[in-house]
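Remarks on the structure that follows.
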Amino acid sequence: MPNPARPPLEGASAAREICARHGDDPAALIEILHDLQEAEGHVPPDAVPEIALALNLGRAEVHGVLTFYHDFRQAPEGRVELQLCRGESCQAMGAEALIAAVCARRGAALGETSADGVTIKPVYCLGNCALAPAARVDGRLIGRASAERLDAALDAALSEPAR
Amino acid sequence: MIRIFVPDDSAARSVGADEVAAGIAARIPSAEIVRTGSRGALWLEPMVEVETPQGRIAYGPVTPADLPDLLDALPSAGPHPLRLGPPEDLPWFADQQRLTFARCGITPPLDLAAYEAHGGLAGLRAALGMEGAAICAAVLDSGLRGRGGAGFPTGIKWKTVHEQSAPRKHVCCNADEGDSGAYADRMLMEGDPFLLIEGMAIAALATGATEGWIYIRSEYPEAIARMTAAIEVMERAGWLGEDLGGSGRAFRLRVRRGAGAYICGEESSMLNSIEGRRGVVRAKPPIPAIAGLFGEPTVVNNVLTLAAVPLILAKGAAFYRDYGVGRSTGTQPFTLGGNVARGGLIEKAFGVTARELIEGFGGGTASGRPFRTAQLGGPLGAYVCDEQLDLPMDYEALAEAGAMLGHGGITVFDDTVDMGAMARFAFEFCEIESCGKCTPCRVGATRGRETVEKILRGENVAANMVLVEDLCELMRDGSLCAMGGLTPMPVLSALRLFPEDFDRAPAPVTEHAAE
Ligand SMILES: Cc1cc2nc3c(=O)[nH]c(=O)nc-3n(C[C@H](O)[C@H](O)[C@H](O)COP(=O)(O)O)c2cc1C
Ligand code: SF4
Ligand code: FES
């Protein structure tokens, strides 16, 4: 999610600034990618060579880390992020049917972004297995989720002023 | 002024705890609203408690819609249909043995004075007066075993690190908790974060480590924020930093975020991730205790392992060892998830049966339909059937039955579950989360998923069943780590216990849409 407190910077300079904040420590690469993604909404392609330079790593190495982890994305996504849990506990409470229903209502498949700007993503356990099925809407955890409750949460998130 | 307690645990918040707290604050302005962790009865969340001279009185589950008439009852702790009485007297709590989770849900998580008033820091104070070797010996003597899944004796691991002479050593807390059905690490970090820090500080004193790391999965942003804040409080109070509790020894603790990779719960993959690398599993040897983070001696322990330590130091190894059975000593925080009526965290001595947990505490299925199966120990754990529920939950008994305790998560399913779909999912999960280092896991998972899909479409069922069995054998014997090595556990248990779910007739002519 973009951080509302800071204006978005252009990829390369944002990357330089964030690396510096982490003391250009190569061991902080994952933290750096998280921070950058929070600031920019994704990890822009022009950030990779900057990070490699700052941390004294190869570009391939930075790219390898960027693509290994499910969290990181290299292109912008919808305004609102919807994570739907597919873990076994949520499946035991009808998660697959819920996912099908939510995707049908939004007209987008799992992994895609709907026309109104909701990116729907699978997630494997949110630690809310006793109150399954679980979801997060822009980071906000929702237990005993139903298509109706998610619709309400998504509509509320979409109606918030754009960041 | 009355004091009203409302949990701010993320699970409680996921069903309206914030709205309830705000509603109470708006309509009883004289009340002091105290936010705590959750006591773990998640089926009763949001559970609101009112302080009275006789102790706290609980109400739950409270929804914002209940507030109008509940607000009349709350100030006097008076009668109401949601009134539960003193929480400690509810059988669900009274029948538990809370050692690690003794404080969770009672004290405000970041109130260090309350932590101390409820027994906190006693273990660390005791450890400060001991030699490192003596701390290791006490932990060994308690019989404490790793709660992350493998059950390795913690004292032996610590002793190994203690014995290494190296300029720098590390304590890494594994808070990757990726297992479906498991959420005890999360609840502890959100609800009683100082306990984990205290356990890590003791580990540092025991082993001579100066660097501490808590690796928390990114799916737990609330726990990340809470642990970060708790570290600051402990630093300011002098329990962390350059001078650990006046010992003259440094212990610098920080949080590292995961990035959505289940495999980073495997300890060597986690170490790579903390180093800023791809979370690929490392070949063993060397073990982390000898060459771990940055190649230096490293203790890697699960959250619950480290959180069990302060009590062992405070009350003695024998106190802890008196709980449990055989070589499974102490208590285990079990967590119930899935299709269960009364889901939540149950801390009990090892030896409790799965039936006591699922039927006794859990009250059977949430749907009210017949129970069919439970998966014990997360996505790499076995499915068990009704007849197996009388197994005692301890490391050895479960292993003997071809199952495992894992991280203590139990996922319950009713009779609508399609075990063919669950076997398929086990392979799919391995396919998604494999680190890709070894072929049996990387290729086997995909082949396994495809083959189960064929079975579910009714194609050459008998031959494909044999193929799945062969693949499982290959993965079990040829994988570098337990991701590939244990994926056969859920698959084969589903196949053996519920063959009827795989015995499909060939599909009619219409195309069966693959998922
Ligand atoms: C695929 C895989 C995932 C694992 N996930 C976790 C985890 O999420 N948390 C954890 O503590 N241990 C996990 N483990 C076990 C760790 O490798 C390691 O044994 C443990 O962190 C050691 O701590 P302990 O002795 O306190 O249990 C996992 C192991 C494997 C093979
Ligand atoms: S078994 Fe799977 S996860 Fe483990 S090392 Fe091999 S490829 Fe990686
Ligand atoms: S499996 Fe969905 S929250 Fe744990």
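The values are calculated or read from the model by the stated rules, or taken from the named source; none is laboratory data. Everything numeric here is computed off the predicted structure, so don't read it as measured data. Every residue, glycine among them, receives a Cβ derived from its backbone with ideal geometry; neighbour counts consider all protein chains shown.
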**Asked** Is it fair to say A:Ala101 is away from every other protein chain (no Cβ under 14 Å), crowded, with 19+ Cβ neighbours inside 10 Å and on the phi < 0 side of the Ramachandran plot?
**Response** no
**Asked** Among the residues of the stretch B:164-178, which ones are over 11 Å from B:Val303 (Cβ atoms), in contact with an Asp or Glu (Cβ under 7 Å, 6 or more places away or on another chain) and buried (at least 24 other Cβ atoms within 10 Å of the Cβ)?
**Response** B:His170
**Complete:** Scanning the stretch B:219-250 for residues that are surrounded by 19 or more Cβ atoms within 10 Å (Cβ to Cβ) and in a loop (DSSP other than H, G, I, E, B), the one farthest from the other protein chains (Cβ to nearest Cβ) turns out to be B:Trp239
**Item:** Matching residues, the stretch A:48-70, being in contact with a Cys (Cβ under 7 Å, 6 or more places away or on another chain) and either away from chain B (no Cβ under 12 Å) or loosely packed, with under 14 Cβ neighbours inside 10 Å (or both)
**Value:** A:Ala54
**Prompt:** Given B:Gly260, B:Gly181, which one is touching a residue at least 40 places away in the same chain (Cβ under 8 Å), surrounded by 24 or more Cβ atoms within 10 Å (Cβ to Cβ) and touching an Asp or Glu at 6+ places or on another chain (Cβ under 7 Å)?
**Reply:** B:Gly181
**Prompt:** In the set A:Pro26, A:Pro45, which member is outside the structural domain of A:Asn128 (by TED's automatic domain parsing) and surrounded by fewer than 18 Cβ atoms within 10 Å (Cβ to Cβ)?
**Reply:** A:Pro45
**Asked** In the stretch A:86-125, what count of residues is obtained for those that are within 16 Å of ligand 1 (Cβ to nearest atom), touching a helix residue (DSSP H, G or I) at 6+ places or on another chain (Cβ under 8 Å) and not polar (S, T, N, Q)?
**Response** 4
**Prompt:** Of B:Val412, B:Val417, which residue is among the aliphatic types (A, V, I, L, M), in a loop (DSSP other than H, G, I, E, B), surrounded by 16 or more Cβ atoms within 10 Å (Cβ to Cβ) and in contact with a strand residue (DSSP E or B) (Cβ under 8 Å, 6 or more places away or on another chain)?
**Reply:** B:Val417
**Asked** Can you find a residue in the stretch B:9-26 that is touching a Phe, Trp or Tyr at 6+ places or on another chain (Cβ under 9 Å), within 13 Å of chain A (Cβ to nearest Cβ) and among the hydroxyl-bearing types (Ser, Thr, Tyr)?
**Response** yes
**Prompt:** So which residues in the stretch B:30-66 are touching a residue at least 40 places away in the same chain (Cβ under 8 Å), within 14 Å of another protein chain (Cβ to nearest Cβ) and on the phi < 0 side of the Ramachandran plot, if there are any at all?
**Reply:** B:Gly37, B:Ser38, B:Arg39, B:Ala41, B:Leu42, B:Trp43, B:Leu44, B:Pro46, B:Met47, B:Pro61, B:Thr63, B:Pro64
**Message:** Which numbered condition in (1) within 16 Å of ligand 1 (Cβ to nearest atom); (2) surrounded by fewer than 16 Cβ atoms within 10 Å (Cβ to Cβ) is the only one that A:Pro76 fails?
**Reply:** (1)
**Item:** the stretch A:148-162 residues that are among the polar types (S, T, N, Q), paired with ones that are surrounded by 14 or more Cβ atoms within 10 Å (Cβ to Cβ) (beta carbon under 7 Å, 6 or more apart)
**Value:** none
**Prompt:** Given B:Glu433, B:Glu469, B:Glu473, which one is over 29 Å from the mean Cα position of the chain (by Cα) and in contact (Cβ under 8 Å) with a residue 12 or more places away in the chain?
**Reply:** B:Glu469
**Request:** Would you mind finding the one in B:Leu336, B:Leu376, B:Leu306 that is over 19 Å from A:Ser89 (Cβ atoms), more than 16 Å from ligand 2 (Cβ to nearest atom) and buried (at least 24 other Cβ atoms within 10 Å of the Cβ)?
**Result:** B:Leu306
**Item:** The listed residue being assigned to a helix (DSSP H, G or I), in contact with a Lys or Arg (Cβ under 7 Å, 6 or more places away or on another chain) and surrounded by 18 or more Cβ atoms within 10 Å (Cβ to Cβ), out of B:Val139, B:Val161
**Value:** B:Val161
**Asked** Would you pick out the residues in the stretch B:19-58 that are farther than 30 Å from B:Lys348 by Cβ and either touching a Cys at 6+ places or on another chain (Cβ under 7 Å) or hydrophobic (A, V, I, L, M, F, W, C) (or both)?
**Response** B:Ala21, B:Ala22, B:Ile24, B:Ala25, B:Ala26, B:Ile28, B:Ala31, B:Ile33
